[in-house]
Amino acid sequence: MAGVGISCVGAAPAGEAKAAPAVTPLGQVIPVPAKVDAGGSPYEITSRTRIHVQGKSREARAIGEELAKVLRPSTGYRLPVTDDGGRDGIRLELIRTAKDLGAEGYRLESGRKGVTVVAKEPAGLFHGVQTLRQQLPPRVEADSVQKGPWKVAGGRIEDTPRFAYRGAMLDVSRHFFTVDQVKRYIDQMAMYKVNKLHLHISDDQGWRIAVDSWPRLAEYGGSTQVGGGKGGYYTKAQYKEIVRYAGSRYLEVIPEIDMPGHTNAALASYAELNCDGVAPPLYTGTNVGFSSLCVAKEVTYDFVDDVIRELAAITPGKYLHIGGDEAHSTPHEDYVKFMDRVQPIVAKYGKTVMGWHQLTGGNPAEGAIAQYWGYDQTGQEERDQVAAAAKKGTKLVISPADRAYLDMKYNKDTPLGLAWAGLVEVDRSYDWDPGTYLEGVPESAVFGVEAPLWSETISTSEHIEFMAFPRLPGIAELGWSPASTHDWETYKVRVAAQGPRWDALGMDYYKSSKVPWPNS
């Protein structure tokens, strides 16, 4: 299916540019900052502007270069990046003693002579630059010279995240996405301060990562996808490139090998992983719950050990996701035995276990993170099980299917997506609180939020964008901004202002009737 969005592609029409305010009010960005003190003269970027990077930090220099790369095509200005210590222009400062800003916070000050972004850590500096970017007119994102002025409203922002984990998941198993397609989505996530990329790299329909000790996993198990397409997989070098690129945008990659269910691609690749020793055919449908690794066979754990060892070696991040959902073909007793064997393997290779919330039905390892994906119809017993685990110390990432799943249809006429968890318009995806969502779970047990995008019906970058936008920025705001700032009536105005920015970036998106888009 071709792109299905109803937005324009390319630079925003001249009419929209004229309709936009001359200066975006300070703090009218996504995610909304924790504290904004607006006032004073704006700063205008001109042909004389320089980007000053304090000190000799390579990370800060790279962030300055990325900012210049965004601004140069549309402004037409040189915008040299320098460490000459100048006081005017755009200043990027790492101040290691600014402990109040934490690992990801920043401070932005704007006035007549310049804009200064301060952070304790490079991640905070990067996030501050994303706020600066959104304070400029949307046409700044265009890849050709646009008409100014390029003003940043005056005042001061102090901003730190509510939750440490703000993720988005991309399912590359049902449909395979190339390295460049994943990079494009990474860039889009990073604009909204998302800091985790959860890659779902194995499922019934495809195995997407090369494993040297079990080569047929990728070569055969990765050879198809939903609907029978050619599929594909990442070499280790390609996976490392995704990890490197995500890291340059301050996103941590969390790979997922789903097990013991969702494993048909592996079972088809190696007969010995099946209890009966017979490999099933490759699968290109969309049903779930029919496959299972053979819990009783010792070769199963040799396989798991090899896969986790090789994947951990090329994943610098802290977490490795072992799935664990919809294991309907695995008896509960066997499921518990399997997870009791597998979780220590993850720890052996220096990683922390993540798993879907069904992990709480067994014995979550100390420090394990459970990802809750239940929805309105999830039974109370299952919710209570998750809450009980949280009270015992298991941290939760909250991803309600009827709020945060980006593959749910917006309405009955949406040409992509599924509807098993209901229809999820943009207001529904925003109007909830991760800190209080699960009864009996204190906010202290909530590690953060994640917006998964399953790809049964998704096969192009245009599809990703149409289903993720405008919902992903809202989920990102729930993860970053204080609960007191969450308000649909003000948020819908801010997300409407992002439309021309997405147009200028050539992105597809859903023009929800719930949002007052410019000139719509």
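The values are calculated or read from the model by the stated rules, or taken from the named source; none is laboratory data. Here the structure is a predicted model, which is why all the values come from computation and not from measurement. So basically every Cβ, Gly included, is an ideal-geometry build from the backbone, and we count neighbours across all protein chains shown. When the accessible area is computed, the model is the full protein with side chains, heavy atoms only, and any ligands, DNA or RNA have been set aside. Shrake-Rupley method; radii C 1.70, N 1.55, O 1.52, S 1.80 Å.
So which residues in region 479-520 are assigned to a helix (DSSP H, G or I), in contact with a helix residue (DSSP H, G or I) (Cβ under 7 Å, 6 or more places away or on another chain) and surrounded by 17 or more Cβ atoms within 10 Å (Cβ to Cβ), if there are any at all? Passing the criteria: Tyr491, Val495, Pro500, Arg501, Ala504. Just checking, which of Val118, Val129 is among the β-branched types (Val, Ile, Thr) and either crowded, with 22+ Cβ neighbours inside 10 Å or in contact with a helix residue (DSSP H, G or I) (Cβ under 6 Å, 6 or more places away or on another chain) (or both)? Every option except Val129 fails the conditions.
For every residue, the table says whether it meets (1) part of a helix (DSSP H, G or I); (2) touching an Asp or Glu at 6+ places or on another chain (Cβ under 8 Å); (3) acidic (Asp, Glu); (4) under 18 Å from Asn411 (Cβ atoms).
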residue: Val424; (1), (2), (3), (4): no, yes, no, yes
residue: Asp427; (1), (2), (3), (4): yes, no, yes, yes
residue: Leu438; (1), (2), (3), (4): no, no, no, no
residue: Val441; (1), (2), (3), (4): no, no, no, no
residue: Ser444; (1), (2), (3), (4): yes, no, no, no
residue: Ile458; (1), (2), (3), (4): no, yes, no, yes
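Annotation: of all residues in region 224-237 being out of contact with any strand residue (DSSP E or B) (no Cβ under 6 Å at 6 or more places or on another chain) and open to solvent by less than 50 Å² (accessible area, probe 1.4 Å), the one that is nearest to Thr457 (Cα to Cα) is Val226.
Restricting region 289-320 to residues that are aromatic (Phe, Trp, Tyr) and outside any loop (DSSP other than H, G, I, E, B), which is farthest from Ala365 (Cα to Cα)?
Ranking the qualifying residues of region 289-320, first place goes to Phe303.
In this structure, Pro473 does not satisfy being surrounded by fewer than 19 Cβ atoms within 10 Å (Cβ to Cβ) and either acidic (Asp, Glu) or at pLDDT 95 or above (or both).
Among the residues of region 227-234, is there at least one that is assigned to a helix (DSSP H, G or I) and out of contact with any Phe, Trp or Tyr (no Cβ under 9 Å at 6 or more places or on another chain)? Checked region 227-234: at least one residue is assigned to a helix (DSSP H, G or I) and out of contact with any Phe, Trp or Tyr (no Cβ under 9 Å at 6 or more places or on another chain).
Quick one: is Ile308 within 29 Å of Gly374 (Cα to Cα), modelled with pLDDT of 95 or more and under 30 Å from the mean Cα position of the chain (by Cα)? The answer is yes for Ile308.
Going by what's in this entry, would Glu450 be described as outside any helix (DSSP H, G or I) and either out of contact with any Cys (no Cβ under 8 Å at 6 or more places or on another chain) or among the polar types (S, T, N, Q) (or both)? When the stated conditions are applied, Glu450 passes them.
Of the listed requirements (1) under 23 Å from Phe469 (Cα atoms); (2) surrounded by fewer than 20 Cβ atoms within 10 Å (Cβ to Cβ), Lys193 misses just one: (2). Counting residues that are open to solvent by 60 Å² or more (accessible area, probe 1.4 Å), which strands (runs of 3 or more DSSP E) fully inside region 16-98 reach at least 2? Filter on region 16-98 gives 35-38.
Looking at region 321-344 only, could you name the residues that are open to solvent by less than 60 Å² (accessible area, probe 1.4 Å) and in a helix (DSSP H, G or I)? Of everything in region 321-344, those that are open to solvent by less than 60 Å² (accessible area, probe 1.4 Å) and in a helix (DSSP H, G or I) turn out to be Asp334, Tyr335, Val336, Phe338, Met339, Val342, Gln343.
Among the residues of region 261-278, is there at least one that is in contact (Cβ under 8 Å) with a residue 12 or more places away in the chain, touching an Asp or Glu at 6+ places or on another chain (Cβ under 7 Å) and more than 17 Å from Ala218 (Cα to Cα)? Scanning region 261-278 turns up at least one residue that is in contact (Cβ under 8 Å) with a residue 12 or more places away in the chain, touching an Asp or Glu at 6+ places or on another chain (Cβ under 7 Å) and more than 17 Å from Ala218 (Cα to Cα).
The one condition from (1) closer than 24 Å to Arg166 by Cα; (2) crowded, with 16+ Cβ neighbours inside 10 Å that Lys240 does not meet is (2).
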